[in-house]
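Every number here is computed from the coordinates shown, using simple stated rules; none is lab data. Keep in mind the model is a prediction, meaning the values are calculated, not measured. Virtual Cβ from ideal backbone geometry, glycine too; neighbours counted across all protein chains shown.
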Amino acid sequence: MGRKLDLSGLTDDEAEHVLKVVQRDMKLRKKEEERLSEMKQELAEEGSRCSILSKQHRFNEHCCIRCCAPFTFLFNPKRQCLDCQFNVCKTCCTYSKRDRAWLCSACQKGRLRKPWLRG
Ligand SMILES: [Zn+2]
Ligand SMILES: [Zn+2]
């Protein structure tokens, strides 16, 4: 017989105890790994402008990017600006017949300042 872990020689109570110790050890190790990966993730998020933007987009799912008014299904439906792709409320955008799309106030002003971009 080798010296491998053999639980058959233990009583039920002893075997259970050994199993519990092993399980607790595994759990602790898993927790530590999770904690480390969370920390890594946080650090990566801090440094990346992309994630900040994506958060802004998430915010933008519910609120107008220009005036921060919350969208409501009936009274303040969200519309996506053709140029910046952000969601804006109806008071912050105008319909461009030429583009057949909505333009937010900021992008509309931007277009007026660049007349060469207009058709
Ligand atoms: Zn708005
Ligand atoms: Zn826009």
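Just a few scattered comments:
- Taking Cβ atoms as reference points and 10 Å as the exclusive limit, the residues near VAL88 contribute a net charge of +4, counting Lys and Arg as +1 and Asp and Glu as -1.
- Packing-based ranking, highest mean first, of 23-34, 85-96 given that Cβ atoms within 10 Å are counted: 85-96, 23-34
- Flagged links, alpha-carbon separation over 31 Å, of LYS30/LYS55; LYS20/LYS55; LYS31/LYS55; LYS55/LYS90: LYS20/LYS55
- Backbone amide hydrogens, once placed in the peptide plane, bring ALA101 within less than 5 Å of SER96, excluding anything fewer than 5 places away on its chain.
- Within the shell of other residues whose beta carbon sits under 9 angstrom from the beta carbon of ALA106, the net charge comes to +1, with Lys and Arg scored +1 and Asp and Glu -1.
- Seen from LEU28, the other residues with C-beta closer than 15 Å to its C-beta sum to a net charge of +3, counting Lys and Arg as +1 and Asp and Glu as -1.
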